1. Would you say Glu37 is out of contact with any strand residue (DSSP E or B) (no Cβ under 9 Å at 6 or more places or on another chain), of a type in the set (D, E, K, R) and without any contact (Cβ under 8 Å) to a residue 12 or more places away in the chain?
2. Given the condition out of contact with any Phe, Trp or Tyr (no Cβ under 7 Å at 6 or more places or on another chain), of a type in the set (D, E, K, R), under 22 Å from Pro257 (Cα atoms) and assigned to a helix (DSSP H, G or I), answer yes or no: does some residue in the stretch 36-46 qualify?
3. Within 22 Å of Ile13 (Cα to Cα), in contact (Cβ under 8 Å) with a residue 60 or more places away in the chain and assigned to a helix (DSSP H, G or I) - does that describe any residue in the stretch 268-276?
4. Report yes if some residue within the stretch 130-141 is assigned to a loop (DSSP other than H, G, I, E, B), at pLDDT below 90 and exposed (fewer than 14 other Cβ atoms within 10 Å of the Cβ); otherwise report no.
5. In the stretch 253-304, what residues are small (Gly, Ala, Ser), at pLDDT 90 or above and within 19 Å of Trp201 (Cα to Cα)?
6. Working only within the stretch 103-129, note down all residues that are among the β-branched types (Val, Ile, Thr), out of contact with any Leu (no Cβ under 8 Å at 6 or more places or on another chain) and either within 14 Å of Phe191 (Cβ to Cβ) or in a helix (DSSP H, G or I) (or both).
7. Considering only the stretch 25-34, state which residues are without any contact (Cβ under 8 Å) to a residue 24 or more places away in the chain and in a helix (DSSP H, G or I).
8. Take the stretch 97-140 and flag every residue that is closer than 12 Å to Ile60 by Cβ and among the polar types (S, T, N, Q).
Amino acid sequence: MHLSTIEKRNYLIGFVFIIFMVASATLLNDMEIILPEIGALTAGTWIYQNGGWINQPTKIFLAPSGTAIIGFVINQFSITYAEKVLLGLLFMLILLRLLHSNLAPSFATGLLPIIINATHWSFIVAILLFTSFLMIGVFLQGRYKGTTPSDPIKNEHMVVFTIMAIIWVTAVWFFGFSQMAAIPPVMVVFFEVLQKSDYSWQLAIKHFVALVGAATIGVLIHMVFASWLLSAAISLPLVFLLLQLLKIKLPAAFAFPLLALVLPSSMFHMLPITAIIASTFFLGTIVLLKKFVAPYRVSSETND
């Protein structure tokens, strides 16, 4: 895809912002300051300027911060990992519904404290600071003024998302891979496309390649370079090139290289495989739902 001068500038600003976050974590030697979904939010708001994400700038701060606090609090409960994930997702859906927001990356910021077992308040301070910076950036750009409000989350989408999450978490727990219960970038894409009227196999395959490719890039680069800063500085441009080759804009892909930096060792090496399985399950299911269930529902409504 050809990039205009403005797009190049936005990419550079977004890249510098993400590197600043990783550099801050490196300087303070605090892994909990690395927030993978800030990469996705930066791409969607500053770089791609997704109309549905930037329409109400204050919610760029409120929704991810709110879900992060939910995930942080739930992580303190003495329940199993899978139960934390399911309970967290339920409360996140409720919060997004109350805020009238469909900002999908909010799920990822809420799941992160559970995945990395966040216990320090630096995590909350970091999410509040970086989401407020993103919100201010959107206000300064001013592009939100020309966008139209997104539709609120529909009940049917909440039900489908909840059912799919329960099936996934139950399945990985049953087979003894409960650490695979939360794959934020995949769930973010799933929630995004769930709200679209159509989703083709061709686009699903591109999304699959992008997500799995980004996860693989993140793991391989971090295996070679132990440094958080160096890993991020190398892997993020590679993800950008991958998306350019696929000719798609997928903010969630930028979260995977950062996720690789903060995952526990038991999950790190499994990340590409987990991305393959989770992407196949969630994206494949949504294609089938859009292909067979949606047309049937429209036909039934027409006949009524």
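1. No.
2. Checked against the condition, which is being out of contact with any Phe, Trp or Tyr (no Cβ under 7 Å at 6 or more places or on another chain), of a type in the set (D, E, K, R), under 22 Å from Pro257 (Cα atoms) and assigned to a helix (DSSP H, G or I), the stretch 36-46 yields at least one hit.
3. no
4. no
5. Within the stretch 253-304, Ala253, Ala275, Ala278, Ser279, Gly284 meet the criteria.
6. Hits for the stretch 103-129 are Ile114, Ile124, Val125.
7. Correct list: Leu27 only.
8. Ser101, Ser106, Thr109, Thr131, Ser132
The values are calculated or read from the model by the stated rules, or taken from the named source; none is laboratory data. Model, not experiment: these values are computed from the prediction. Reconstructed Cβ throughout: ideal geometry from the backbone, glycine too, with neighbour counts over all protein chains shown.
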